[in-house]
Amino acid sequence: ASLSISNGILHENVKIIGVDNSIDMLQRCQQHINAFKHKSPIELVHDDIQNIHIQNASMVVINFTLQFIPEADRQALLNKIFTGMNDGGLLLLSEKILFSDDKTNQLMIDLHHQFKRDNGYSDLEISQKRNALETVLVPDTIECHQNRLLDAGFESSAVWLQQFNFASFVAIK
């Protein structure tokens with residue numbers, strides 16, 4: 001995501017800051033940064049996103065992160081991000097989502113698992129990943145995400161991309 005953002009920036013003096021609490025993920029990201037041409041500097045920070053002070057941000061991207069943060073802390077994080085953003089700034093938020101209808105929810109899970117099978121994952125791999133994430137990944141509904149964004153102060157929000165039980169929202173300050 002950082003490389004894509006870097007290549008789309010048209011202005012000078014822009015800095016991209018990538019944050020992750022996993023050293024392994026940061027090392028892998030640094031390998032990609034080093035291997036590909038990009039326009040804007042990318043700084044990687046090893047920390048928990050909840051500890052990061054955001055300021056003067058024109059754009060914030062949160063990819064599949066809120067779902068791992070305790071539910072009681074999610075609103076505070078979005079509030080903090082909103083406060084650190086410039087007026088007119090964009091937040092892109094991507095998360096696994098939960099459907100309030102159990103049948104639809106199960107259908108989307110089944111379709112996603114079939115997608116994984118079609119791309120070479122075995123049933124054992126799918127099951128192991130699901131079991132590993134079951135207690136630490138807690139998804140929310142689209143409505144819950146949009147309500148949180150509004151409560152944080154964002155002027156508007158919308159789902160701009162969705163596949164199965166994964167959605168990306170764009171919110172405008």
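If only residues of the range 53-104 that are open to solvent by less than 50 Å² (accessible area, probe 1.4 Å) and touching a Gly at 6+ places or on another chain (Cβ under 6 Å) are counted, the one that is farthest from residue 10 (Cα to Cα) is 82. Among the residues making up the range 62-83, a single one is among the acidic types (Asp, Glu) and touching a helix residue (DSSP H, G or I) at 6+ places or on another chain (Cβ under 7 Å): 73. For residue 4, are the conditions met, namely being of a type in the set (S, T, N, Q), outside any strand (DSSP E or B) and in contact (Cβ under 8 Å) with a residue 12 or more places away in the chain? So residue 4 does not fit the description; no.
Report, by residue number, each residue of the range 105-126 that is surrounded by 12 or more Cβ atoms within 10 Å (Cβ to Cβ) and among the hydroxyl-bearing types (Ser, Thr, Tyr). 121, the sole residue that qualifies.
Any chance the range 140-161 includes a residue that's aromatic (Phe, Trp, Tyr), more than 30 Å from residue 58 (Cβ to Cβ), open to solvent by 40 Å² or more (accessible area, probe 1.4 Å) and out of contact with any Cys (no Cβ under 6 Å at 6 or more places or on another chain)? Among the residues of the range 140-161, not one is aromatic (Phe, Trp, Tyr), more than 30 Å from residue 58 (Cβ to Cβ), open to solvent by 40 Å² or more (accessible area, probe 1.4 Å) and out of contact with any Cys (no Cβ under 6 Å at 6 or more places or on another chain), which makes the answer no. In this structure, residue 132 does not satisfy being assigned to a strand (DSSP E or B), open to solvent by less than 100 Å² (accessible area, probe 1.4 Å) and not aromatic (Phe, Trp, Tyr). Residue 34 passes every criterion in (1) touching an Asp or Glu at 6+ places or on another chain (Cβ under 8 Å); (2) open to solvent by 60 Å² or more (accessible area, probe 1.4 Å) apart from (1).
The values are calculated or read from the model by the stated rules, or taken from the named source; none is laboratory data. What you are looking at is a predicted structure, and each value in this text was computed from that prediction instead of being measured. Quick reminder, even Gly has a Cβ in these numbers, built from the backbone with ideal geometry, and neighbours come from all protein chains shown. Accessible surface areas use protein heavy atoms only, side chains included; no ligands, DNA or RNA. Shrake-Rupley method; radii C 1.70, N 1.55, O 1.52, S 1.80 Å.
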